[in-house]
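Colleague: This structure is in structure tokens; I'll ask about it shortly.
The values are calculated or read from the model by the stated rules, or taken from the named source; none is laboratory data. Source: prediction; values computed, not measured. In this analysis, Cβ positions are derived from the backbone assuming ideal geometry, glycine residues included, and neighbour counts consider all displayed protein chains. The accessibility values were calculated without ligands, DNA or RNA, using every heavy atom of the protein model including side chains. Shrake-Rupley method; radii C 1.70, N 1.55, O 1.52, S 1.80 Å.
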4 protein chains.
Amino acid sequence: MNEIRVAIIGGGGFMGYAHSLGWALAPITADAGAVVRKAVLVEADEERAKSAAQRLNWEEWSDDWRAVIARDDIDVVDIVTPPGSHAEIAVAALQAGKHVFVEKPISNTLQDAEIMQAAAEKSSSVSQVGFNYRHAAAITLIKNMLDDGTLGHPLQFRAHYTQDVGALGRVLSGWRAKKSAGGSGVTGDIGSHIIDLASYLVGDIESVNAIVGAKNPKSNTAWLSDEERKAGDHLDDAALWMTKFENGAIGSFAATVYASGRKNRLFFELECTGGTVEFDWNHTDEIKLSLVSDDPDKQGFRTITLNENHQDYWYPLGGMGTGYADDASLQLQKFVRAIVEGRPGTPGFAEATRTQRVIEAVMQSADNHQWVAVDEVTA
Amino acid sequence: MNEIRVAIIGGGGFMGYAHSLGWALAPITADAGAVVRKAVLVEADEERAKSAAQRLNWEEWSDDWRAVIARDDIDVVDIVTPPGSHAEIAVAALQAGKHVFVEKPISNTLQDAEIMQAAAEKSSSVSQVGFNYRHAAAITLIKNMLDDGTLGHPLQFRAHYTQDVGALGRVLSGWRAKKSAGGSGVTGDIGSHIIDLASYLVGDIESVNAIVGAKNPKSNTAWLSDEERKAGDHLDDAALWMTKFENGAIGSFAATVYASGRKNRLFFELECTGGTVEFDWNHTDEIKLSLVSDDPDKQGFRTITLNENHQDYWYPLGGMGTGYADDASLQLQKFVRAIVEGRPGTPGFAEATRTQRVIEAVMQSADNHQWVAVDEVTA
Amino acid sequence: MNEIRVAIIGGGGFMGYAHSLGWALAPITADAGAVVRKAVLVEADEERAKSAAQRLNWEEWSDDWRAVIARDDIDVVDIVTPPGSHAEIAVAALQAGKHVFVEKPISNTLQDAEIMQAAAEKSSSVSQVGFNYRHAAAITLIKNMLDDGTLGHPLQFRAHYTQDVGALGRVLSGWRAKKSAGGSGVTGDIGSHIIDLASYLVGDIESVNAIVGAKNPKSNTAWLSDEERKAGDHLDDAALWMTKFENGAIGSFAATVYASGRKNRLFFELECTGGTVEFDWNHTDEIKLSLVSDDPDKQGFRTITLNENHQDYWYPLGGMGTGYADDASLQLQKFVRAIVEGRPGTPGFAEATRTQRVIEAVMQSADNHQWVAVDEVTA
Amino acid sequence: MNEIRVAIIGGGGFMGYAHSLGWALAPITADAGAVVRKAVLVEADEERAKSAAQRLNWEEWSDDWRAVIARDDIDVVDIVTPPGSHAEIAVAALQAGKHVFVEKPISNTLQDAEIMQAAAEKSSSVSQVGFNYRHAAAITLIKNMLDDGTLGHPLQFRAHYTQDVGALGRVLSGWRAKKSAGGSGVTGDIGSHIIDLASYLVGDIESVNAIVGAKNPKSNTAWLSDEERKAGDHLDDAALWMTKFENGAIGSFAATVYASGRKNRLFFELECTGGTVEFDWNHTDEIKLSLVSDDPDKQGFRTITLNENHQDYWYPLGGMGTGYADDASLQLQKFVRAIVEGRPGTPGFAEATRTQRVIEAVMQSADNHQWVAVDEVTA
């Protein structure tokens, strides 16, 4: 079996922790065709690098990402730094001939994303962006039912990603708190996941129309005026947008951190000509499905608990239960398989750049109060 | 106790049936202060009037609504005809000094609604429009928690009213099928209920931005072009709109008859500074409530089953179960109480006219692809 | 159409209220073939009779049930007095040639039930006992799927009826508080409903094994000893029992008023060779159904919302919502139809007597800590 | 930090896979105070040992468990062989001075369990049995609310563990199919988990009363007679039992593999004087909680999604999602912490032997149709 040696850049934070879980499970659970070695963990501060590497079970540590990228014995560079530094590291890693995995969002700006996309196109390496939710077995099941015609043509998609951290007064800190470093707030942070899922399942988004509200930090109740919002370095913490998809479907999206009681809840429902499907990340191993073809007196939403009949569910018995770690591992399993089999990552840099373009369109629409065509957005 | 004698106009259809259930329960269950008599049922066709009156237990029947309105022994005129005829009958009844209950929507056009509003303002009678869902005990509970400060300031409201009749290929017939008679399709038919609830609970809607799609009757998958939609007499059967409320809250709405598996499902969730509340008509006797003030380790959505501690829940024991008939009765109970106590109906013609103005704004926005300010809409 | 004139005995309490709702809806909603008149309401105290009759819209009132039973213009006697007086009134009414509807449980003792059964067998009148839940459209749907083979052979039935009134410290008062008047506590009061449903859906119960605990009124935590329980006039407020059914299925039952958060929750799940079905009265209009015959990758519990495709659902559109009043009306509709068509009531006195025999077996098993065969229980 | 080296005996099957996942996550996620090395995987067949070790990322493999136990560089022996061989291996490992983790049930017979308990009592090593579900963060939350008085005194516990493998006709094979090797069927296999949880949360079980049914393999509908069941080597595949707890609480249990639609569903509800709590393994990261102390008009079941405020939930944000692998890791984390801190495992061999005694009592009661006192059961 192949051996793949990974270096993780910025591994001392939460995403380092999450990816370490993913890499720990991947070699066991996957048939991706390679044994993975957690080789080097990189952090700017050496003490922090050492401590994280020991706790997270990486073989070595370093405080110099450039030196690590230059090493011959590293096959994969896994980038989990803040989005503002993704482009520099990813481009360097690609140029060094490494396969590159980048945590989402691909970058803070469309400009950076386009640079990364160009570098990936010039390279023969595999590149992938960490939109992890699309790899959950439940999403694979829905995708398969769209591809094989079970669900028919998509008509209406409604999604929201809601959290309660703002409602509880937990203020963002560090780079996440500033628009200049953290980018587009909830739209880029959590909204990007539902844009990725929409693109993956429903199809390309043609145009968007948005309300983006940055809450006044001095008040829990009043919204900033347009002028205040544009002037400041505030991150938006609540957003609504509607979309028209290229295939004629329509969509409605929401992202907020002011939803009391919602614990990292990614939810969507998708109505199609053949049925409706519903997914809630808080019940990771379930989908709800209604089929038009069911007998009229027995029609209703089936709660399907994932089981051994479903692709990407890796236990021999349904209802064992999977979670974030399993999902983190699944996305890495697919990345590893892409490397072993010489296929593109999913989503690759091009697809993730398009998602970045939709985020930009949302921000522009919020500013100019107009429908914005995604293809006309420029970096 | 007072006795109130009711004439129902157009009572042979479904709404005649529904209102008859409501009138049957009202005298029993309410303390509204009046005994109600189901006096006369009117239908244009005499045979139909007779048959319905017997089946629905009305004392008399008639095929001449003008004659019935002229009778001295009638106190209340309950109008359940198609919306295109509401204005003529309601204005005549008000002029004859009757209290008037009109099934929603108040009318097909804003012009008609304004005429009705003017007639009501000139009259000393009670007028009310049948937005029944706002009278459910669950809605009263939410309203009370907004009024007493439990929920704090509204931030984001997301609602949808979804049905599967279109998905199942049940084509609308009669007046409901034509824009010229049935008005604004799903927006006016079911969407009006969530606009009414939003106005009642969250506050006045300032502006709207909409996508309204009339499905091509020849195809289950393709949407009409703007031109085709405007040119035809098609009713729209799916719509999305976003709103800004005057108090700074934002909203997202959907209405569709193409949602497989959804059986008359009116759903909303409302995020406020003090908590989140969720309601689903399919579970009429429940609300889900999360409170920011709950202990962090015990915070989560409470499923509150209505019980004897709640206003407008009329059984001595929680969980007995109420449904559409109970709700129909509750709205009539409030109408009767308004008559007995000399207070306005809820919603009265003025409030229902504003809802009609929002519907118009939705339709205009769908046509011109712009945000439309509700106050600037003209009839 | 036939006219049926009803006298209600003991109509001033909650069940008078509930049956009045039922009688109010029945003539409207049913095609049972008769117009029902709420003729006379009887209460021992005349003032109370008058007040209730006016509020509940009965034509007349009386304080003398014997006189009312003797009247020629009364067709139906509806008995909602405490169970200790059911036998006397029911037998008198049957002997007077009236059709008799008795609220459940049929009586306090098996002896009384057998007397009533004998009187019904001698009479040509229709007799029925108010086990209302079996008439819900959801139960009809399950019954039909058992009868037509969809569900296959019953294997295991688990039911509980839970309330929170004891948990909240609401002490029973009046006749309900004493074993001598109120009978067998939770087993007879709420447990009888799940025994009735089990018999109706699964089949006759062969033997039972029970734990019945009467809580010490002085303490919220300690259970009475066997001796204390037998010695006192305490009602049991929590019970568990297992059953073997004659067809080989097995069952588990619970009834309690000490279930915090449960609002009149009647719940069961039934596993059969062809599938599993689940019902929760708090979601009256739904069943959950899993079918062994479904495709393995699409197998799961369907939440079926009752609709126009289902027998006993009386609205033209699914998801309108029904509740306790509708159910009360459905059971009276069936009683009226039995009268009009000359068929037996459901359940009639014989079937309800067997349910009473199961209750007796539960109480005996709790006393002697043995399996008790239902057929060997004597009055 | 300490290093702990593990040998897994019987690691080529599903439990080897599951424990490997657990060991892979443990060093990362725990603060148990030790780095774990997956040192040796043992299988009777060398090829199988090698293949599993490579796939599951163990450093070495072997076909000789006795030789491995004799090695000085092994600290922990993790036994995942069929239960019939647990006693021999565990006793040998304890005698060799190793810490021993045994997959549940502790053994096939009470006699074996008592031998293991005696060996553990003589040893200074840590012993633990793999009742994994009690380590889920949701169970820890419930346990804490019982310990700190939030829930008050337990009154009634109802649990069931249901699967659909029998309903789907998936026949057990290998040692699992025979009573002589696989022990007590569903009671020991899945029922043991709910007995462990009941003992852990509610308290010691005093006596039991059971129905155990071994399905006739020739028929999907008929149950074996008592004689046939006792005579054969059939495993029972459905069971019901009631219990009295030593603290006065009462309980009802069910285990079956004939529950269509149930995917490894472990469910219980526990009513206490202070509230009710509900848990469903299919929604691993949730509990439902009703508190008597809540305001009457806001009382209802809270769905609490586990988050950073809860012990044993290891992500920094609620709702990330955990599953079987996380739970497997949590139980090993606790085992490691017991080793590092010199405390007993949970549950240790004594506690697991008592659970085995309850299983025996269930089997005896099913045979003799009597209540069986757990303390009077002999091996």
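Let's see how each residue does on (1) at the interface with chain C (Cβ under 9 Å from one of its Cβ atoms); (2) in contact with an Asp or Glu (Cβ under 9 Å, 6 or more places away or on another chain); (3) part of a loop (DSSP other than H, G, I, E, B):
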{"residue": "D:D236", "(1), (2), (3)": "no, no, yes"}
{"residue": "D:L240", "(1), (2), (3)": "yes, no, no"}
{"residue": "D:G261", "(1), (2), (3)": "yes, yes, yes"}
{"residue": "D:L270", "(1), (2), (3)": "no, yes, no"}
{"residue": "D:L289", "(1), (2), (3)": "yes, yes, no"}
{"residue": "D:N307", "(1), (2), (3)": "no, yes, yes"}
{"residue": "D:D312", "(1), (2), (3)": "no, no, yes"}
{"residue": "D:G318", "(1), (2), (3)": "no, yes, yes"}
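Colleague: Check the stretch C:243-253 and report whether any residue there is at pLDDT 95 or above and of a type in the set (V, I, T).
Modeller: yes
Colleague: Quick one: is A:V80 under 19 Å from A:K122 (Cβ atoms) and modelled with pLDDT of 95 or more?
Modeller: Working: under 19 Å from A:K122 (Cβ atoms): no; modelled with pLDDT of 95 or more: yes.
For A:V80, the condition - under 19 Å from A:K122 (Cβ atoms) and modelled with pLDDT of 95 or more - is not met.
Colleague: Restricting to the stretch B:256-290, and then to whatever is under 19 Å from the mean Cα position of the chain (by Cα) and at pLDDT below 95, can you tell me which residue is farthest from B:R354 (Cα to Cα)?
Modeller: Here the answer is B:V257.
Colleague: How many of the residues making up the stretch A:16-45 are closer than 23 Å to D:Y315 by Cα, within 11 Å of another protein chain (Cβ to nearest Cβ) and among the aliphatic types (A, V, I, L, M)?
Modeller: Going through the stretch A:16-45 one residue at a time, the tally reaches 6.
Colleague: Could you please find all residues in the stretch C:242-259 being more than 8 Å from every other protein chain (Cβ to nearest Cβ), among the β-branched types (V, I, T) and assigned to a strand (DSSP E or B)?
Modeller: C:T243
Colleague: Out of the residues in the stretch B:120-152 that are free of Cβ contacts under 8 Å to residues at least 60 places away in the same chain and assigned to a helix (DSSP H, G or I), which is least open to solvent (accessible area, probe 1.4 Å)? Walk me through how you get there before you give the answer.
Modeller: Looking only at the stretch B:120-152, we keep the residues that are free of Cβ contacts under 8 Å to residues at least 60 places away in the same chain, and these are B:122-125, B:143, B:147-148.
If we keep only those that are assigned to a helix (DSSP H, G or I) too, we end up with B:122, B:143, B:147.
Numbers: B:K122: 181, B:K143: 46, B:D147: 104 Å².
Among those residues, the one meeting the criterion is B:K143.
Colleague: What are the residues in the stretch A:291-305 that are more than 10 Å from chain B (Cβ to nearest Cβ) and either open to solvent by less than 20 Å² (accessible area, probe 1.4 Å) or part of a strand (DSSP E or B) (or both), if any?
Modeller: Hits for the stretch A:291-305 are A:T303, A:I304, A:T305.
Colleague: Any residue in the stretch A:299-312 that's closer than 23 Å to B:S260 by Cβ and in the same structural domain as A:T140 (by TED's automatic domain parsing): show its pairings with residues that are among the small types (G, A, S) and outside any loop (DSSP other than H, G, I, E, B) at Cβ separation under 6 Å, as long as the two are six or more apart or on different chains.
Modeller: A:F301/A:S290; A:L306/A:A137; A:H310/A:A137
Colleague: Next question, about the same structure. For the stretch D:94-114, enumerate the residues that are among the aliphatic types (A, V, I, L, M) and under 21 Å from the mean Cα position of the chain (by Cα). Quick ask: steps written out before the conclusion?
Modeller: Keep residues of the stretch D:94-114 that are among the aliphatic types (A, V, I, L, M), which gives D:94, D:96, D:100, D:102, D:106, D:110, D:113.
The answer is D:L94, D:V100, D:V102, D:I106, D:L110, D:A113.
Colleague: May I pose another question? Going through the stretch D:140-166 one residue at a time, which ones are more than 18 Å from the chain's Cα centre (by Cα), more than 9 Å from every other protein chain (Cβ to nearest Cβ) and small (G, A, S)?
Modeller: Result: D:G149, D:G166.
Colleague: Also, I was wondering about something else. Got at least one residue in the stretch D:56-63 being under 21 Å from the mean Cα position of the chain (by Cα) and of a type outside the set (A, V, I, L, M, F, W, C)? Can you show your working first?
Modeller: Step one: filter the stretch D:56-63 for residues under 21 Å from the mean Cα position of the chain (by Cα), giving none.
Within the stretch D:56-63, none of the residues are under 21 Å from the mean Cα position of the chain (by Cα) and of a type outside the set (A, V, I, L, M, F, W, C).
Colleague: Examine the stretch D:365-376 for a residue that is in a loop (DSSP other than H, G, I, E, B) and among the aromatic types (F, W, Y), and state whether such a residue exists. Steps first, answer last, please.
Modeller: Just the residues of the stretch D:365-376 that are in a loop (DSSP other than H, G, I, E, B), to begin with: D:369-371.
Now drop any that are not among the aromatic types (F, W, Y), which leaves D:371.
Yes; the residues of the stretch D:365-376 include at least one that is in a loop (DSSP other than H, G, I, E, B) and among the aromatic types (F, W, Y).
Colleague: Could you run through the stretch A:320-342 and say how many residues are buried (at least 24 other Cβ atoms within 10 Å of the Cβ), assigned to a helix (DSSP H, G or I) and among the small types (G, A, S)?
Modeller: Of the residues in that region, 3 qualify.
Colleague: Further question: Just for the stretch B:1-23: of the residues that are open to solvent by 10 Å² or more (accessible area, probe 1.4 Å) and small (G, A, S), which one is modelled with the highest pLDDT?
Modeller: B:G10
Colleague: Report yes if D:E60 is open to solvent by 40 Å² or more (accessible area, probe 1.4 Å) and in the same structural domain as D:V126 (by TED's automatic domain parsing), otherwise no.
Modeller: Judged against the criteria, D:E60 is a match.
Colleague: For C:W281, indicate whether it is more than 14 Å from chain D (Cβ to nearest Cβ), over 21 Å from B:A137 (Cβ atoms) and among the hydrophobic types (A, V, I, L, M, F, W, C). Walk me through how you get there before you give the answer.
Modeller: Working: more than 14 Å from chain D (Cβ to nearest Cβ): yes; over 21 Å from B:A137 (Cβ atoms): no; among the hydrophobic types (A, V, I, L, M, F, W, C): yes.
When the stated conditions are applied, C:W281 does not pass them.
Colleague: A follow-up question, please. Condition test on B:R66, is it open to solvent by 50 Å² or more (accessible area, probe 1.4 Å) and out of contact with any helix residue (DSSP H, G or I) (no Cβ under 9 Å at 6 or more places or on another chain)? Reasoning before the result, please.
Modeller: Numbers: open to solvent by 50 Å² or more (accessible area, probe 1.4 Å): yes; out of contact with any helix residue (DSSP H, G or I) (no Cβ under 9 Å at 6 or more places or on another chain): no.
Judged against the criteria, B:R66 is not a match.
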